[in-house]
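The structure under discussion appears below in the form of structure tokens.
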Amino acid sequence: MLAILFFCPILVFFLDFDDVLSDATHHLMEIQMIPAILGSLYIIVGVLFLLTLLFGRVYCSVICPAGVFQDIVNRIFCIGKKKPKGVLRFRYRKPLNVLRYALLGVTAALAVFGLTELCVWLDPYSNFGRVAASLFRPVVIWVNNLLAAVLNSMGNYALYHTSVNTVTAVSLTMAAIVFVLFVVMASLRGRLFCNSLCPVGALLSVVSRFSIFRIFIDEKACNHCSTCERTCKAEAIQSKQAKVDMSRCVGCFNCLSSCKRKALVYKPVFARKAEGAPAPAEKSRRTFIATGTAIAVALPAAVMRAKKHSEGDGKALAPVTPPGSFSLERFKDKCTACHLCVTQCPSHVLLPTGLEYGFGYLLRPRMAYIDSYCNYECTVCADVCPTGAIMPISVEEKKAAQIGIAEFFEDKCIVSEKDQDCGACSEHCPTQAVHMVPYKGTLTIPKVEPELCVGCGGCESICPVRPARAIVIKAHRVHQIAMKPEEEEAIKVDVDEFGF
């Protein structure tokens, strides 16, 4: 029930193309482990660690949407599949400690040097977000459009047609790969992703080894039937030896309900010790040394990669990052490409990137002024970002945030090329940074005042020149503050008769 209460609002928030849910729903994303760490929400991180220290890795089965999704997949694949007696659905396997702790170490090391690539690829919440945004959301919109067409033909206009404009080919491909990975691993090996690849699972496994409440097997009541081992998605129960690996147990408690002899109990560790039972064995020294060696070998490579990455950043073309991100480097350090801002942006100006800005920026959102622009008074992306990559800003701060500057190419403009009037860019500029000046005869041509421009993209999105537009936004790697446009004095007019 708790898993459903956490999972459903998160899923619906990603699918919500009609803005039905309140923006306050984004707080459920802030209690995800990696967003909380990157967002410096240390109280939430502390609460999650305390929760794990008390009850084990219940975070993985209740709070993490990727974990709940894997459980749903596993349950679906178990429907109607009764295994013959003696054949295991799951079975105990040795933990892949070297792999999971090496990945955790390298992920942490890269993050220290400002490289969050592994967070982007391995963070369970962000992976689920991309699957929901790029796979599930389009399906929901297509179903809505199909129903809308049927209802509209009957004279019912309760639903309306909506376009899918927040998905790119790269984001769709990567989301499909992650979806297949989740489905295959969950259907065949349960929580293999959580216990071998997920850095959050590895981090919490260190704490869950010392959790106060644990699952124990009463050897006097147990007849070693392996029912509990068969139902353990984490493959953490050795029924023959009556042992439970709490570092991999995700707290689903399926084993407790499956045991007909009630041989499995969930109780505090001090109660177990009071009964005279030996404490569970910790991981061996050999495993610790092997894991430490793997991390030590990986760290120099991570450092060299970080230095190479930082040296090459200044040469690449920079994407325009949202207001509130403050700088490209800060945004890259904090963003895990969960695509929540992409789905919630009212004007759909945020789109996931491909490789146009290099591998280091892959899948992260950018301002794409193709058919839309950033609303002058909108702060939705800053309000919903769970990692702090886009910091909350007021509307007044948003109006002054200069994320880029418009650059005008006179030789491409239809005023100079075809001697025709236009001025669309000037009409759509909210600060009048783009205004018209005399050109030839009665013609006027755009001129940019850089100090007034905020980089909203209104000019670029409306420019009729194709394929390369006559005015484009060039990104600021570090955001600036634009000058406030001067307000004209109101002219007092005496109204006569009807006011015409």
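The values are calculated or read from the model by the stated rules, or taken from the named source; none is laboratory data. Worth saying up front: this structure is predicted, and the values here are computed from it rather than measured. Please note: Cβ atoms are built from the backbone with ideal geometry, for glycine as well, and neighbour counts cover all protein chains shown. Surface areas here come from the heavy atoms of the whole protein model, side chains and all, with no ligands, DNA or RNA. Shrake-Rupley method; radii C 1.70, N 1.55, O 1.52, S 1.80 Å.
With r as the distance between the Cβ atoms of H435 and E489 and R0 = 30 Å, compute the FRET efficiency 1/(1 + (r/R0)^6) and round to 0.05. Efficiency at R0 = 30 Å is approximately 0.95. Taking amide H as placed 1.01 Å from N in the peptide plane, the amide H of V434 sits under 5 Å from that of E449, each at least 5 places away or on another chain.
So between Y157 and S187, what do we pick up on full extension, going 0.36 nm a residue minus the alpha carbon distance?
Difference between extended and current length: 6.7 nm.
Show K412, K267, K440 ordered by accessible area, largest first, where the area counts protein heavy atoms only and the probe is 1.4 Å. Spell out each step's value before the answer.
Working: K412 70, K267 45, K440 105 Å².
My answer, sorted largest first, is K440, K412, K267.
The string of couplings for region 426-436 from the Karplus curve (6.51, -1.76, 1.60, θ = phi - 60°) is 5, 5, 9, 7, x, 10, 6, 5, 9, 9, 8 Hz, one whole number per residue in order, with x for Gly and Pro.
At the residue level, T444 shows approximately 50 square angstrom of accessible surface with a 1.4 angstrom probe and all protein chains present. In this structure the amide hydrogen of L264, modeled in the peptide plane, comes within under 5 Å of the amide hydrogens of D218, none closer than 5 places in sequence on its chain. Distant-in-sequence amide contacts of R366, defined by a placed amide H-H separation under 5 Å and a gap of 5 or more residues or a different chain, comprise L351, T353. Assuming R0 = 56 Å, what is the FRET efficiency of V164 and N223, from their Cβ-Cβ distance, to the nearest 0.05? Efficiency, rounded to the nearest 0.05: 0.50. The string of couplings for region 203-215 from the Karplus curve (6.51, -1.76, 1.60, θ = phi - 60°) is 5, 6, 5, 5, 7, 5, 4, 10, 4, 6, 8, 9, 8 Hz, one whole number per residue in order, with x for Gly and Pro. Principal axis extents of the C-alpha atoms in region 415-500 (largest first, rounded to whole Å): 53, 36, 20. Of H339, H435, H428, the order by accessible heavy-atom surface (1.4 Å probe, DNA, RNA and ligands excluded), from most exposed downward, is H428, H435, H339. Computed extension gain for I72 through R466, at 0.36 nm per residue and net of the alpha carbon distance, reaches 137.1 nm. Of the chymotrypsin sites (Phe, Trp or Tyr not before Pro) found in region 122-195, the ones in coil according to DSSP and having at most 11 other Cβ atoms within 10 Å of their Cβ are Y157, Y160. Of the residues A149, T387, C252, the one whose Cα sits farthest toward the positive end of the charge dipole of the chain, with +1 on the Cβ of Lys and Arg and -1 on the Cβ of Asp and Glu, is C252.
On C-alpha positions alone, give me the angle between the axis of helix 42-55 and the longest principal axis of the chain, in degrees, nearest 10. Relative to the chain, helix 42-55 is tipped by roughly 20 degrees.
The calculated Kirkwood hydrodynamic radius for the chain is 25.9 Å, given to one decimal from all distinct C-alpha pairs. A Förster distance of 25 Å, applied to the separation of the beta-carbon atoms of E30 and V139, puts the FRET efficiency at 0.40. Using the Karplus relation 6.51 cos²θ - 1.76 cosθ + 1.60 with θ = phi - 60°, the per-residue 3J(HN,Hα) values for region 416-422 come to 7, 7, 10, 6, 10, 5, 9 Hz, with x marking Gly and Pro. Accessible area ranking (1.4 Å probe, heavy atoms, ligands and nucleic acids excluded), largest first, for M154, M185, M391, M33: M154, M391, M185, M33. How many nm separate the modelled label positions at Y376 and Y266, each set 7 Å beyond the Cα in the direction of the Cβ? About 5.6 nm, to one decimal.
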